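Only one structure is covered here, and it is reproduced in the block below.
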Amino acid sequence: MNAPATTPALRAKDYKSDIKPIWCPGCGHFAVLAAATKALAHLGLPKEQVALISGIGCSSRLPAYIDSYGFHGVHGRALAVAAGLKTARPDLTVLIAGGDGDGFSIGGNHFLHACRRNMDMTYIVMDNEVYGMTKGQASPTTAPEWTHSKMTPHGTGMRRFQPAAMALAAGATWIARGFSGDPSELTRLLVEAIQHPGFSLLHVLSPCQTFRPEQKQWKEQVHPFADSNTGDPVAAAQRIHADDGMALGLIYANHLPVWQPRNQATSSIAALEEEFRV
Amino acid sequence: MPDASIAAHSGSFSVAVTGSGGSGAVTTGLILLEAAAHAGYFGMLSRSAGPQIRGGESAAMLRLGPAPLACMDDRFDLLVGLDWLNIARFIDEIPLDRDSLVLADPAAGTVPAVLTQSGARVREVPFKELAGSVADGRANMVALGALAAAGGFPQDALLAGLNAVLAGKGDRVRQASSQCLTLGYEQGIETLPRAAGAARHPVARWNISGNEACGLGALRGGIRFVAAYPITPASEILEWLAPRLEQVGGSLLQAEDELASINMIIGASFGGVPALTATSGPGLSLMTEGLGLAVASETPLTVIDVMRGGPSTGIPTKSEQVDLNIALYGLHGDAPHLVLAPLTISDCVFTTQWAVQLAEHLQTVAVVLSDQLLGQSRTISPPPPNLELPLVRRTLDTPDETYRRYAPSADGVSPMTVPGTPHGMYTADGLEHNQRGTPSSRASDHLEHLDKRLHKITAHDFGAHWAEMSGDGEIALLTWGSSSGAVREAAARLEAAGASVRVVALRLLMPLQSDALRDALAGCSRVWVIEQNHGRQLFHYLKSFDALPSDAHSLARPGPLPLRPGDIVAALTEEA
């Protein structure tokens, strides 16, 4: 964790950039943006020590809206960009933001390997069960019977991707579910996620007002997990599978070795070249 | 045109060691190369392998001589067969003739007709039986002794080579190997007339492979982060770099796939650490989306493509210069970048270093097109020059609040801030953007940044390194990358036979130095474009820039057989 900010302390609004979000009115992502700035202010992180990495999609626009270093890359590869950055620059606080399509479909393989590498970074997935930016196609987390996309007129007919279960199986060491309709709890979870040493997944239910208006009902459907985290992966798996997908809170947290090279020189290139001399 | 077909390079000696995978053919070759180096020779070793790890075919092919050598010869003086199980698969790669000698173990059965048809003489030596008389003895070491005698290599140099190559194997193995070597040496095999003989050169020499040379060039250029996915024939670059990057304060991350590796190096480079990946054709295909992102966001990075036969999995263990098109044109959008190709094994050091530093300086993508022939071959040659290049990334350590990441500048390069720098915050973006980096789809922003990204590359003065040139004759042999070695030797043979030749070997392919190239070809009566692929990729590229006379000729041969100087001489002589 980085040193506390210098005085005067930064407030949440100081972390906001002057760029106006492209999101639709009422989009759940506004609350995630607010939670992110509040969490950074709470932690007192210097703006220049934070790097926010994203791919493509509505939620992936987040970096431009936060006054830190950012990288808005290509679809699905944010976790790879973040892994390279964190390996080379372990001093930075690395956050990754994205959506369900970016993270679990086109970026699915990187998601698994980011979990098992357990580098110290925080992945915020804003899940609205739809591809918003391409105008309303089914994503891996869309229910199989959802027929509102012209591309899948009979529904996907496939079981939904289970982010928390996949993350647990792949080796993530901190997993929680938040809801953009509960911003203060979301902020609290995000602070904890950033503080966790290792790969943390914050799965955020973040409704899409435009293509999934029925998600307005989520605020009536969410509920806290019945029991609390034990750090036991077996108990966590049971908690995930017993749940209806709408339970909120910390699912699993464990301290396991973090992958991070030391990047400290012990020799010189001139010395290495000696091996070639006849 | 004068007949140069018989003016073969004199004074060099070529030997091939063949056997099934795991028979020790390549180890035998590596020891001979090291021994030749100890004895004062220059030379090179290329290898041929099948796709199988064990039980397939394998061969080490060496050419040794008193002066530096840049390609394999047309024929072999000596073939040592450890067994004949898979010889038919690669006999095309080892041309023999009446002057050649085959050393064969009678226990391996009759020497196949494909070999004896050449008229080569056969001398039997019971490798296996002799090895059986030594505890832990190995047949390939007996064979090594026999070939050293036939090649006229001093025995003490052989022992020095053996001890160097088997340094990690323990005393017992080295002792058994040197006993076997001595047994083979003492079989009374006559020394061949073209044998190398004793040659002591006190000059400094290196024994290095092209893949190691690319790794070293990367370090010299400042690379401190590598992310990559294993692929033949590029993996040795990564295996060489992994422990050495650690020693110089960097790191290597083995990625889950090439989509990850390219994006990981983008991340590290964004973080201010020069970054590189190495791959081969199929991997480069997977990376091209990321290359577009690096171009658009002006994030410096270098990709080494060790080319192999394609398309698809193609012939993954053999060389072919086939990825020029994808390196030039594979990116989506208008994405100006750099494409370079090393000209020799040892030039892999300089070309990679130059590529890395150009990418850093110009904040763009550099693709280095090595190939299996350069990458997996070793050379004994003078140490590659260590050039200090004044090309570094322009960074800004104390920006103020008005900092614009993509601000215009005279040469199109805008100073970068590195994360951690106060007041330098920006979001790098693959979306088209304005000078601040804010996404923009305005026509004026798009045009401004298209121009900027092109201008910074085309306005750069690349100096004299863009090509290596020799001769001023009226017949121009124009080539690129690994074909340069065979072309240079063909030119020497043609000159020796009285022709008037010049060679232009392109190291920088994009941006094409059209004006310099036209100057280099001025006054030529005939231009030949020579390359190792089927689609005449360089020829068509140069045509598209109107950089060739209208009657220029194309000599394009696909792999997997190496382009030999004799092939080039024959093609040119036939045409004349």
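Nothing in this text is a laboratory measurement; each read-out follows from the coordinates by a stated rule. Everything quoted here is computed from the prediction, not taken from an experiment. All Cβ positions, glycine included, derive from the backbone under ideal geometry; neighbour counts span all protein chains shown.
For the stretch B:53-141, which strands (runs of 3 or more DSSP E) that fit wholly inside it have 2 or more residues that are more than 30 Å from B:P382 (Cα to Cα)?
Values: elements: B:57-65, B:78-81, B:101-104, B:121-124.
Result: B:101-104, B:121-124.
When you scan the stretch A:211-278 for helices (runs of 4 or more DSSP H) that lie fully inside it, which ones turn up with 3 or more residues that are out of contact with any Gly (no Cβ under 6 Å at 6 or more places or on another chain) and away from chain B (no Cβ under 14 Å)?
Details: elements: A:218-221, A:233-242, A:269-273.
Hits in the stretch A:211-278: A:218-221, A:233-242.
Looking at (1) within 13 Å of chain B (Cβ to nearest Cβ); (2) over 20 Å from A:P197 (Cβ atoms); (3) more than 17 Å from the chain's Cα centre (by Cα), which is the only condition A:G132 fails?
Status for A:G132: all satisfied but (1).
In the stretch B:204-246, how many are assigned to a strand (DSSP E or B) and farther than 28 Å from B:G161 by Cβ? Working first, answer last.
Initially, the stretch B:204-246 is screened for residues assigned to a strand (DSSP E or B), giving B:206-209, B:225-228.
Okay, now just the ones that are also farther than 28 Å from B:G161 by Cβ, so B:225-228.
Of the residues in that region, 4 qualify.
Of all residues in the stretch B:390-430 being buried (at least 18 other Cβ atoms within 10 Å of the Cβ) and charged (D, E, K, R), which is nearest to the other protein chains (Cβ to nearest Cβ)?
Once the filter is applied, the top-ranked residue is B:D429.
With the stretch B:499-576 as the region, which strands (runs of 3 or more DSSP E) entirely inside it contain at least 2 residues that are in contact with a Lys or Arg (Cβ under 8 Å, 6 or more places away or on another chain) and among the aliphatic types (A, V, I, L, M)?
Details: elements: B:501-506, B:508-510, B:526-531, B:553-556.
Qualifying strands (runs of 3 or more DSSP E): B:501-506.
Quick grid of which residues meet (1) out of contact with any helix residue (DSSP H, G or I) (no Cβ under 8 Å at 6 or more places or on another chain); (2) under 23 Å from B:K128 (Cα atoms); (3) in contact (Cβ under 8 Å) with a residue 12 or more places away in the chain:
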residue	(1), (2), (3)
B:A35	no, yes, yes
B:G43	no, no, yes
B:G50	no, no, yes
B:D74	no, no, yes
B:N86	yes, yes, yes
B:P95	yes, no, yes
B:L101	no, yes, yes
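Could you check the stretch A:54-110 and list, in sequence order, the residues that are at the interface with chain B (Cβ under 8 Å from one of its Cβ atoms), closer than 20 Å to A:S200 by Cβ and in a strand (DSSP E or B)?
Within the stretch A:54-110, A:Y69, A:G70, A:F71 meet the criteria.
Need a quick list: helices (runs of 4 or more DSSP H) entirely within the stretch B:259-378 having at least 2 residues that are more than 14 Å from chain A (Cβ to nearest Cβ) and over 28 Å from A:A270 (Cα atoms). If you could, list the steps in order and put the result at the bottom.
Numbers: elements: B:281-297, B:324-329, B:347-362, B:372-375.
Answer list for the stretch B:259-378: B:281-297, B:324-329.
Select from the stretch B:247-258 the residues that are facing another protein chain (nearest Cβ under 7 Å) and under 22 Å from B:Q353 (Cα atoms) and list them in ascending order.
The answer is B:Q247, B:V248, B:G249, B:G250, B:S251, B:L253.
Take B:D546 and tell me if it is acidic (D, E), farther than 23 Å from B:M72 by Cα and in contact with a helix residue (DSSP H, G or I) (Cβ under 8 Å, 6 or more places away or on another chain). Step through it out loud before you land on a result.
Numbers: acidic (D, E): yes; farther than 23 Å from B:M72 by Cα: yes; in contact with a helix residue (DSSP H, G or I) (Cβ under 8 Å, 6 or more places away or on another chain): yes.
When the stated conditions are applied, B:D546 passes them.
Identify the residue in the stretch B:213-235 that is under 24 Å from B:L389 (Cβ atoms), more than 9 Å from chain A (Cβ to nearest Cβ) and out of contact with any strand residue (DSSP E or B) (no Cβ under 8 Å at 6 or more places or on another chain) and, among all such residues, is surrounded by the fewest Cβ atoms within 10 Å (Cβ to Cβ).
Applying the filter and picking the extreme gives B:G222.
Within the stretch B:142-155, identify whether any single residue is crowded, with 24+ Cβ neighbours inside 10 Å, assigned to a loop (DSSP other than H, G, I, E, B) and among the β-branched types (V, I, T), and answer yes or no.
No, the stretch B:142-155 contains no residue that is crowded, with 24+ Cβ neighbours inside 10 Å, assigned to a loop (DSSP other than H, G, I, E, B) and among the β-branched types (V, I, T).
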